[in-house]
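Visitor: Sharing a structure with you now.
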Amino acid sequence: MTLTKDKTVNWIDALEETFPGVISRDVSLATISRWRIGGNADAVARPHDLDELARMRRYLHENGVPHVVIGATTNLLFADEGLRVLALQIGREFARIDLRDNEMVCGAGAWVPGVARQAMLAGLTGIEHTCGIPGTVGGLVCMNGGSQRRGIGEAIVEVVSVDERGRLIRRSREECGFAYRRSIFQTNGEIVAETTLTLDRSRPKGDIRRAMIGILSDRRRKFPQKLPNCGSVFVSNPAMYAEVGPPGAVIERLGFKGRKIGGAQVSPQHANFIVNNGSARAQDVQTLIGEIKAAVLAATGYDMEVEARFVRPDGILLPADRIQ
Ligand SMILES: Cc1cc2nc3c(=O)[nH]c(=O)nc-3n(C[C@H](O)[C@H](O)[C@H](O)COP(=O)(O)OP(=O)(O)OC[C@H]3O[C@@H](n4cnc5c(N)ncnc54)[C@H](O)[C@@H]3O)c2cc1C
């Protein structure tokens, strides 16, 4: 499908007719995104349930309508030019959580800190490390997110996803390709709809609670709280960590703390965070990331991997330092 303005209007009209009440037009990405950056999206769809998601995927496939899946946007940098394809958002309509003995079945739109809290209240241990990650379960599974060098993949028994033709797929943990901040869902075009976590009761509830409070107060102390950001910009690499330290420490040693380009600034609190001072553009963030990467490469020989993802106007996702 070519993305001229006329075609844009046509595919949105057709989509609205087929899926009434699901599409919002001309949505400001700077308003809905966590980094508060980005132009307008021509259309955002929020399917109500799994059946509608599957039907929508089939429809988009059959009609050649390009789209990109988003969750809470906590790892995304949207282009200043906005988005010319459909943003398919998996949100609170998919937030159901069911407890079955030591297992939790979580909808992809469930809020990660809420899932961690429910596990704690049920006396289940294993996902305390996720309690401060402000995203959806679907985004967390896709990124294999976690903290303290752990990833959610460790606790997963099964993921239910919807492929491009609208078919439901069940994958065991082994079939999800989990590695550090990676999963098969970053490349296979499937949308995570639900995941089953296996946890255990080996730790008293009070301990789980204390551990989570400790993690949260540590994060509050170390990470910027007030200004919009996307969490850690660069992935921590074990070899680099062992030789020269974590990205934040290396970037700080190179004098980048507080460095500003336009409205984007390396957080004065933690150098692996880039905050939006109110007027940041995606281009400011990308220039800053590029400068940092080049300086770290020159000083240490490590070419740092960028964790945050750039969403191009045509819906292609790239590491946030790249535009192609
Ligand atoms: C303050 C702050 C702190 C953070 N701390 C951490 C941390 O400690 N550890 C960590 O790992 N991350 C951290 N992050 C990053 C981010 O929260 C995680 O990557 C999160 O899991 C992303 O979830 P999301 O719903 O926001 O996904 P989005 O940012 O919307 O999307 C991220 C990726 O997942 C894909 N995606 C989203 N939903 C689905 C779905 N249902 N099916 C398939 N693909 C999907 C998107 O296409 C995109 O590629 C932090 C972010 C912030 C803002």
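Readers should treat all values here as calculations from the given coordinates under stated rules, not as data from a laboratory. Remember, it's a predicted structure, so these values are computed and weren't measured experimentally. Glycine also receives a Cβ, built like all others from the backbone with ideal geometry; neighbour counts cover every protein chain displayed.
Visitor: Does the chain classify as rounded, prolate or oblate by the C-alpha gyration tensor (a ≥ b ≥ c root eigenvalues; a/c under 1.5 gives rounded; else a/b over b/c gives prolate, otherwise oblate)?
Guide: oblate
Visitor: Sequence gap at least 6, Cα distance under 8 Å: using those rules, report the relative contact order of the chain to the nearest whole percent.
Guide: The value is 17 percent.
Visitor: Quick check on the range 12-94: take the gyration tensor over C-alpha atoms, sort the square-rooted eigenvalues as a ≥ b ≥ c, and tell me if it's rounded (a/c under 1.5), prolate or oblate.
Guide: Prolate.
Visitor: Net charge near R201: determine it from the other residues with C-beta under 15 Å of the C-beta of R201, scoring Lys and Arg +1 and Asp and Glu -1.
Guide: Charge balance in the 15 Å sphere: -1.
Visitor: Taking every DSSP beta bridge that has both residues in the range 5-92, what percent is antiparallel when rounded to the nearest 5?
Guide: 40 percent
Visitor: Specify the residue with the greatest mean-square fluctuation among I169, I289, I274, computed from a Gaussian network of the chain linking alpha-carbon atoms under 10 Å apart.
Guide: Fluctuation is largest for I169.
Visitor: Let me know the longest stretch in the chain that avoids all trypsin sites (Lys or Arg not before Pro) found in a DSSP loop with at most 11 other C-beta atoms within 10 Å.
Guide: By the stated rule (loop sites, at most 11 other Cβ atoms within 10 Å), 1-148.
Visitor: Can you compute the helix-only [θ] at 222 nm over the chain? Use -39500 (n - 2.57) per DSSP H run of at least 4 residues, normalise by all residues, nearest 500 deg cm²/dmol.
Guide: Computed mean residue ellipticity for the chain: -9000 deg cm²/dmol.
Visitor: Rounded if a/c is under 1.5, else prolate if a/b is larger than b/c, else oblate: which is the range 98-212, with a ≥ b ≥ c the root eigenvalues of its Cα gyration tensor? Write down the numbers at each step before the final one.
Guide: Numbers: a/c = 2.08, a/b = 1.72, b/c = 1.21.
Cα axes put the range 98-212 in the prolate bin.
Visitor: What number, in percent, do you get for the relative contact order of the range 138-288 if the mean sequence gap of Cα pairs under 8 Å and at least 6 apart is divided by its residue count?
Guide: Numbers: 214 pairs, mean separation 24.9, N = 151.
Normalised by residue count, the contact order of the range 138-288 is 17 percent.
Visitor: Among DSSP bridges having both ends in the chain, what percentage is antiparallel? Round to the nearest 5.
Guide: Bridges in the chain that DSSP calls antiparallel: roughly 75 percent.
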